[in-house]
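Reading through the structure tokens given below for one structure.
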Amino acid sequence: WCWICHLKTSRGTLAVSLVERKKQNNMKKIFILTILSIISLSCCKDDDADSKINITIPVGSIVGKIDGVETFFNTEAHATLDTIPWTFGRDAVKLSIKGKKNSNNNSENILIWFFVTPVREIDEGTYPDLNKQIYHYVEFNNLWNGNLYNYGSNRYVDEFYSSKSTIVRIDSLVQGVFNGNVGIGAGAEGIQQPPLYHKITDGQFNVKIMN
């Protein structure tokens, strides 16, 4: 038995073991860095998605394209946040955003509202949201042949008549975007029949909450 040979062999085995351990440590570091990079990219994508919503109108404004025509509802544009009685002894919270085209009594006007029961906060997010049970509706009162006709979204079984809004800020101001199709119920026929629906796109609101 040669102790010198044994010593050389032990040293060689130890060196190989250290190299292997170093490789394993490097692989662990690479794995951890990869996971962190994926998390970082995911967070950046979420931030980018939020930053895509850019409110470009001043405070006191509501705008949307009605059938492709940009329409402003800046007269008396504001929001209210109310607690209202609801069924089975429960209350509900209603956030209403409204404005008119002009100061005439029969002015075309728009109402964007959010609703939740039982009482809790309506926060930033995209609505309707069935998980939060926060509902959303758009009403558009359109002037046709001298009369106002009420059009609404999310009130019919047909998914065509649906709308969506995203609140990006809510404190003393409420800011966000909206779009959808609003329809009218059964009415007159022939030349007396108003349009059955209107398409709203590129909607924005930026108004003060008045209460």
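Quick notes on this one:
- Each Lys or Arg adds one and each Asp or Glu subtracts one; over the other residues with Cβ under 10 Å from the Cβ of Phe73, this totals +1.
- In order along the range 145-154, phi translates into HN-Hα couplings of 6, x, 10, 8, 10, 8, 10, x, 10, 6 Hz, rounded to whole numbers, per the Karplus curve 6.51 cos²θ - 1.76 cosθ + 1.60 with θ = phi - 60° and x for Gly and Pro.
- Accessible surface ranking that places the most exposed of Glu70, Glu108 first, with a 1.4 angstrom probe: Glu70, Glu108
- Simple point charges give the picture: +1 on the Cβ of Lys and Arg, -1 on the Cβ of Asp and Glu, and for the range 93-162 a dipole about the Cα centre of about 280 debye.
- Distance from the Cα centroid of the range 127-170 to that of the range 60-81 is 14 Å (rounded to whole angstrom).
- A simple spin-label model places the labels of Asn74 and Gln192 3.9 nm from each other, with each point 7 Å out along Cα-to-Cβ.
The values are calculated or read from the model by the stated rules, or taken from the named source; none is laboratory data. If you're wondering where the values come from, they're calculated on a predicted model, not measured in any experiment. Glycine gets a Cβ as well: all are built from the backbone with ideal geometry, and neighbour counts include every protein chain shown. Accessible surface areas use protein heavy atoms only, side chains included; no ligands, DNA or RNA. Shrake-Rupley method; radii C 1.70, N 1.55, O 1.52, S 1.80 Å.
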